[in-house]
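Asks: Below: one structure in structure tokens.
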Amino acid sequence: MVLRPLPPGGLPRVTFEARRPSELAPLRTDIALALGTAPRGPVDMPVRIEGWRTYESVFGGMTADSFTGHALKGYFENGGQIAWVLRLAPGARPASGLWAVLGDGGFAPERLGQEAFRVSAATPGAWGGAVSVRPRFRVLSNGAGVIDIDVHDGGRIVEQLVGIDPAALSVTVAERSALIRIDPEVGAAPLPPAAGAGPRVRIWGPVALSGGIDGAAPARADYATALEHALEEPEPALIVLPDLHRHVGPDDAAAVLLAAARMVDPLLDRMVVADAPEAIGTAADATAWIERFGGDPAVHRTVATYHPWIDMRDPVGSLAAPLRRLPPSGHVAGAISRLDRTQGAYVTPANTSLSEAVDLARRFEPADQDALSSIGLNALRCQSARGIVVWGGRMTRSDDARTRFVAHRRLVHRIVRALRRTWAPMVFEPNDDAQRFAIARSATTLLLEAFHANVLKGNRPDEAFRVIVDDTVNTPQTREAGQLFCEIAIAPATPMEFIHFRVGLSADGTVEFIEP
């Protein structure tokens, strides 16, 4: 909220002004990044999206040959506010068309300094084949010439670029248009400027674009490269891969998730929200899937898997097939995002309903659900009057270590991001006792807040956490090397998963609850 001073003679009031944030928020842990395919949009670069309508305008919305649009729709419908999207489209090519500038009357192509231009779709894909461009030249009353361009998509005018200076044609179009780019045609000879005025209106075109290619389905190597680009962004805390099982088989999908886990694990500030293959229908199937990770502990620390797949209403479906079956990671990430903002990152993202989920692909017997939970596959269940509910908050169990919880991992995310923001300005300070005291004080203050919020267990702070920056971790050798180490140990509160009542019959036949 911005309080603005009253203008002279104005009535007393409070006014509000909406502003974009000046920078990203690295402390937030409610923001997801999705890797997948889309009909349009930038390729191999993360794009920040604020809401579903922005996703539609940049990446084209939902399509029949991609899960990513449906997953992002579920993410925003379940409470996600901001997402990053990285489009995968190996070999994709933008549609384009040749704009030959023909002179007659008083107009000559020398006014543009070029005989021909290449009009291209702004991003790769076959979508550009529906785009056409109709440019026209106008001479103003002062004799200066300007260009107006109408951009058609599917026969409708969707952009009107008016009053473009011919000398800045390419730059202006790139700044003002989300759909097209105009550049001098390679090989066309540039022309010297001509004197004299042209006619009041001169129309060239229309120029229809063609030749756009969506590209091949991403392979395992494409996902590995995309993950490297994705993890360069500091803001996202949840990584989802909705199209992974569409593009590669179970072995390659496991290899991609394992690579993601190994990349994410050292960062300590984000996790992977994964999907199991749709075909998993028994505990034995799930165990075989988990064994593909080879017992790597990075998976147990960084990957949370949800199953089974879900059905949602499909706006691009048909009367015969009104539902779309897809992996649940996008919807679950939205629920995690919502709970993060409303209750905190340390709250177990479970026992919450999923919006936009109509049905489950399969239902498991209680015994199978127990087995899935024991290996860290968080089940989705259908409950009366509540719909589809997330019924698990465990990390994927790839090794024999004790159970790890999503809430614990996300608590670490929040602590690491908060400490990084606090400590980053200190990196060039002297490495002395005062600096170590400042490091310890900031960490202790943060952990005390967590302790008083009942996030950590123990009756006293010293039972809940430890902060060590003394000579046991900072030796003379490390200090000479310009390094300072702070060792932090925390005891997070364990999520409650079981409630047990003992019930007995008294002598008179009434039911009594018995203390354990």
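Where a number appears in this text, it was derived from the coordinates with a stated rule and is not lab data. This is a predicted model, so every value here is computed, not measured. Every residue, glycine as well, gets a Cβ built from its backbone with ideal geometry; the counts of neighbours run over all protein chains shown.
Asks: I need the peptides 452-460, 369-377 ranked by packing, meaning the mean over residues of other C-beta atoms within 10 angstrom, with the highest value on top.
Replies: With the highest mean Cβ count within 10 Å placed first, the list reads 369-377, 452-460.
Asks: Next question. Over the Cα atoms of the chain, what radius of gyration and what Dmax do you get, in Å?
Replies: 29.2, 112
Asks: For Ala221 and Val171, what is the calculated FRET efficiency with R₀ set at 30 Å and r taken between the beta-carbons, to the nearest 0.05?
Replies: Values: r = 36 Å, r/R0 = 1.18.
After rounding to 0.05, the efficiency reads 0.25.
Asks: FRET efficiency for His452 and Ala491, Cβ-Cβ distance as r, R0 = 22 Å, nearest 0.05?
Replies: For His452 and Ala491, the calculated efficiency is 0.90.
Asks: Moving to a separate point now. Compute the signed sum of charges (Lys and Arg +1, Asp and Glu -1) over the other residues within less than 13 Å, Cβ to Cβ, of Arg181.
Replies: Surrounding charge for Arg181 is -2.
Asks: Considering amide H positions built from the backbone, and no H for Pro or chain starts, which residues 5 or more places from Thr352, or on another chain, come under 5 Å of its amide H?
Replies: Correct list: Val390.
Asks: Next up: Per-residue HN-Hα couplings for the range 46-59, Karplus 6.51 cos²θ - 1.76 cosθ + 1.60 at θ = phi - 60°, whole Hz, x for Gly and Pro?
Replies: Karplus-based 3J(HN,Hα) across the range 46-59 equals x, 10, 7, 10, 10, x, 5, 5, 5, 4, 4, 5, 8, 10 Hz.
Asks: Here's something else I'd like to know. Taking a ≥ b ≥ c as the square roots of the eigenvalues of the Cα gyration tensor of the range 387-464, is the shape rounded (a/c under 1.5), prolate (a/b larger than b/c) or oblate?
Replies: prolate
Asks: Let me ask something else. As a check on your grasp of the helix formula, calculate [θ] at 222 nm for the chain: sum -39500 (n - 2.57) over DSSP H runs of n ≥ 4, divide by the residue count, round to the nearest 500.
Replies: -8000 deg cm²/dmol
Asks: Continuing with the same structure: Tally Lys and Arg at +1 and Asp and Glu at -1 over the other residues with C-beta under 12 Å from the C-beta of Glu497: what net charge comes out?
Replies: On the way: positive: Arg394; negative: Asp370.
Surrounding charge for Glu497 is 0.
Asks: Pull out a ≥ b ≥ c, the square roots of the eigenvalues of the alpha-carbon gyration tensor of the range 428-480, then state rounded if a/c is under 1.5, prolate if not and a/b is larger than b/c, and oblate in the remaining case. Mind dumping the intermediate values first?
Replies: Working: a/c = 4.15, a/b = 2.21, b/c = 1.88.
Prolate, because a/c is 1.5 or more and a/b exceeds b/c.
Asks: Using label points projected 7 Å from each Cα along Cα→Cβ, tell me how many nm separate Ala284 and Cys382, to one decimal.
Replies: The modelled label-to-label distance comes out at 2.6 nm.
Asks: Just name one of Gly281, Ala253, Val43: the one whose Cα is farthest towards the positive end of the charge dipole of the chain (beta-carbon charges, Lys/Arg +1, Asp/Glu -1).
Replies: Result: Val43, furthest along the dipole toward the positive end.
Asks: Now, a different point. Using Cα pairs under 8 angstrom and six or more residues apart, how large is the relative contact order of the range 356-403, in percent?
Replies: 33 percent
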